[in-house]
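The values are calculated or read from the model by the stated rules, or taken from the named source; none is laboratory data. Worth saying up front: this structure is predicted, and the values here are computed from it rather than measured. Cβ placement follows ideal geometry from the backbone for every residue including glycine, while neighbour counts extend to all protein chains displayed.
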Amino acid sequence: MYFQKKRVIAMLLAGGQGSRLKVLTEKTAKPAVPFGGKYRIIDFPLSNCVNSGIDTVGILTQYQPLELNEYIGNGQPWGLNKTHSCAQVLPPYERHDKKSGWYKGTANAIYQNLDFVDRFNPDYVVILSGDHIYKMDYAAMVAYHEQHNASCTIAVRNVPIEEASRFGILNTNPDNSIYEFEEKPAKPKSTNASMGIYCFNWSVLREALITDEEDSSSSNDFGKNIIPMLLNAGHKMMAYPFDGYWKDVGTIDSLWEANMELLGKDPAFQLRGDKNSTIYARNSALPSSYIDEDAKIVNAFVAEGSEVYGTVKHSVISIGCTIGKDALVEDSVVMPGVVIESGAIVRHAILGENSKVCKNAVVGGAFSAKDKKKISVTSKNAVVEANTVLKPGDML
Amino acid sequence: MNVMGIIFTNDATVGELTNKRTMASIPFGGRYRHVDFALSNLCYAGVRHVGIISRHNYQSLMNHIGDGEEWGLELEEGGLEFLTPFAQSAKHTYRGKLESLSTAMDFLTYGDEDELVVMIDSAVLSNIDLTKVLAAHKESGKDITVVTKAGICNGEKLIDLAIKLDDQGEVTDMLVDYAAAQDYLASMDIFVLNKKWLVESTKEMIARDKFHMDRDLVMGGWQRGKVSVNVYQFDGVAMYNESVEEYFDNSLSLIKRDVRENLFHGSHPVYTKVRDRVPTYYGEECDIENCLVADGCMLEGEAEDSVLFRQVTIAKGAEVEKCVIMNDSMIGEGAQLKYVILDKNVTVTPGAKLIGTKKNPIIVKRGETV
């Protein structure tokens, strides 16, 4: 088989459990969690690849992959199913030398797929993760990397100093070259937080992965092992500043917030885009939405195939949902296929896929001043029985 | 059972909506084109070999259908073929379905494996389970099965082919291009035939300079006792979009739940070309009532009893009532629209007022500014 040489390919780490999303990732890998009405989290890095001209993407899966694999399919929704392009799902596998099995860490996941990358003989490999919401032109980052003649370039964003100890912090010289990396430092020296987006020269990364694998004490992680190793070896490493919208949606609170940030006339994150910034998603063949004469929708997204008979305020309603008569949905994220029956009240909630809130049930409530965010969550297929209450912050 | 599909894009006109497109590519129901219903019906019945016969204005249709991927027709064997007029018949294009079939003989006779042919038009929309029609045709042992709908003939509407049955379900009368009375069934322009029989009959008809499917083959054949006709009565929603008035009425009837359910979910989903639009955004002051709304819209104003296609913008203070607003149209602040069809990409300037009537909705042509 003939493989076209590629200048850049992307490897997308999509195997994480996302345990902080709790019931939402019980049966779904985090990258397959629905977002913004019709998307899944993985649509953002995948669409960014396509919009950046990267047509070869390896997707490393491990945790609960069924739904994710199904979703990616042959890559057709992102145009990655053409003659010299691919969206290749790469699950862990068994190998004769036992140097395989479950992916031990992010670096090990790439190590186990050296053969996949080698087929394309790329100059550069971009490492991405499947848990962030953002639009970014990776081609610009690769150009920056090339221009600075670096071995590795890491995208960074400025975070408030008081939050810096939650991130991997890159300490840089005035020319943006990195001299030190600190994982979650107690006393951060700078506010350059790593976004977990790396661009490597493949020859350098390849060697580093092999060396790292030989070290049995390594946790085979990019942040903990590979980056410090390359720094110590004196490789030129650059920080690539990014000041656009970027959100780690790894927690219930941040997932809810990111959805809310889509709303408004001038939203913090603009889903709409031109030809070069469209976010692509696998489409379900659903008809247009129906909005009843008694419906009231204010400052909200409603995706295709939904029927709205009640009131929706400041919320994201996904594809194929039903909001019954006299029901109220406020400040909530309603995932695909949810049914909210008549008279039900849903506030400050995330309702998981195909879950159901029966007649006159109450989910969540107003935030009190004391404990600001108490988001109620229903898991996939959960049913909130009629006339019952799911208290603020509770999960079902 | 191997089945071949033939879609006629139909050359009837629907006012200005067919100025630059065929009947088959008229936008309908917020996100579809007419032809999506025929294609989805064939797709659900497992038909993997489809020919599209088109006379003129087929550019927008070809653009919409592409390689047929959305309907599972992007195949190496069979798949989708566009059967456009041949240059050799420069004096005229096709005079009727039979003549167009005769120029598509290569397509029709390609491969022996197809046993039956479904012929389907694009002016009558339905969500029909064709596997039932195919089974009924085989069981009947007749030459042709015509799919019909009761309640369409009303003594006023011109019907392509109207059929009257007796109590035993036998055909007692047929009328072509006639305003048949209520007790006639209207053909939905869907036929099932045995392929070999169709090929032979078409050749013979053309040899006698007969080219009209309904008049010459079905009615003429039946009258001469040469052709046996089986009638299949469809009980779902059948939308005849053969005039602007019908198109407009049918569009607005989609806000009725049972109509919508039947046409969009009756037997199967309706597939269409994918457009990656964001979900529709409803602004702080919008008031949308009793509307069918596609994705990608920005709604800040008011709309009532209307169909809004993809990527429609309704600015603050604009009022839209009983309208069909097609893709990418923008309605400016304070504009007022009632009984209006806006074709694609129309700009209505702020404060403009367009008021049509139920029988004569105002049509604004594609890309115009009013």
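Screening A:TRP246 on (1) within 14 Å of chain B (Cβ to nearest Cβ); (2) in contact with a His (Cβ under 7 Å, 6 or more places away or on another chain) shows it passes everything except condition (1).
The number of residues in segment A:308-319 that are surrounded by fewer than 24 Cβ atoms within 10 Å (Cβ to Cβ) and more than 11 Å from chain B (Cβ to nearest Cβ) comes to 1. Where strands (runs of 3 or more DSSP E) sit wholly within segment B:284-338, those with at least 2 residues that are within 24 Å of B:SER25 (Cβ to Cβ) occupy B:291-293, B:319-325. For segment A:90-118, a residue qualifies if it is surrounded by 20 or more Cβ atoms within 10 Å (Cβ to Cβ) and more than 21 Å from A:SER219 (Cα to Cα), and exactly one does: A:VAL117.
So, in segment B:306-344, of the ones that are within 11 Å of chain A (Cβ to nearest Cβ) and of a type in the set (S, T, N, Q), which residue ends up farthest from the chain's Cα centre (by Cα)? This residue is B:GLN311. In the set (1) modelled with pLDDT of 95 or more; (2) farther than 30 Å from B:GLU321 by Cβ, B:ASP249 fails one condition alone, (2).
Within the span defined as segment A:213-221, every residue fails to be among the charged types (D, E, K, R), away from chain B (no Cβ under 14 Å), in a helix (DSSP H, G or I) and closer than 17 Å to A:ASP131 by Cα. Looking across segment A:136-171, the residues that are among the polar types (S, T, N, Q), at negative phi and surrounded by fewer than 19 Cβ atoms within 10 Å (Cβ to Cβ) come down to A:GLN147, A:ASN158, A:SER165, A:ASN171. If you filter segment B:288-305 down to residues that are under 21 Å from A:ASN283 (Cβ atoms) and more than 7 Å from chain A (Cβ to nearest Cβ), you find that the one that is surrounded by the most Cβ atoms within 10 Å (Cβ to Cβ) is B:CYS297. Considered as a group, the residues in segment B:219-259 that are within 10 Å of chain A (Cβ to nearest Cβ) and in contact (Cβ under 8 Å) with a residue 40 or more places away in the chain include one that is nearest to the chain's Cα centre (by Cα), and that residue is B:LEU254.
Here is the figure for segment A:22-38: residues that are buried (at least 23 other Cβ atoms within 10 Å of the Cβ) and either hydrophobic (A, V, I, L, M, F, W, C) or in a strand (DSSP E or B) (or both) total 6. Selection of segment A:238-251 for residues being closer than 19 Å to A:VAL316 by Cβ and crowded, with 21+ Cβ neighbours inside 10 Å yields only A:VAL249. Do you know which of the residues in segment B:260-287 that are at the interface with another protein chain (Cβ under 7 Å from one of its Cβ atoms) and in contact (Cβ under 8 Å) with a residue 60 or more places away in the chain is nearest to B:ASP249 (Cα to Cα)? Filtering segment B:260-287 for residues that are at the interface with another protein chain (Cβ under 7 Å from one of its Cβ atoms) and in contact (Cβ under 8 Å) with a residue 60 or more places away in the chain, the one nearest to B:ASP249 (Cα to Cα) comes out as B:PHE264.
Taking the conditions exactly as written (outside any strand (DSSP E or B) and closer than 22 Å to A:ALA208 by Cβ), does A:LYS82 satisfy them or not? No: the conditions fail for A:LYS82. One residue stands out in segment A:274-283 among those that are at the interface with chain B (Cβ under 8 Å from one of its Cβ atoms) and surrounded by fewer than 21 Cβ atoms within 10 Å (Cβ to Cβ): the one that is nearest to B:GLY283 (Cα to Cα), namely A:THR278. Against the condition within 28 Å of B:ARG224 (Cα to Cα) and either of a type outside the set (Asp, Glu) or in a strand (DSSP E or B) (or both), how does B:ILE128 come out, does it pass? No: the conditions fail for B:ILE128.
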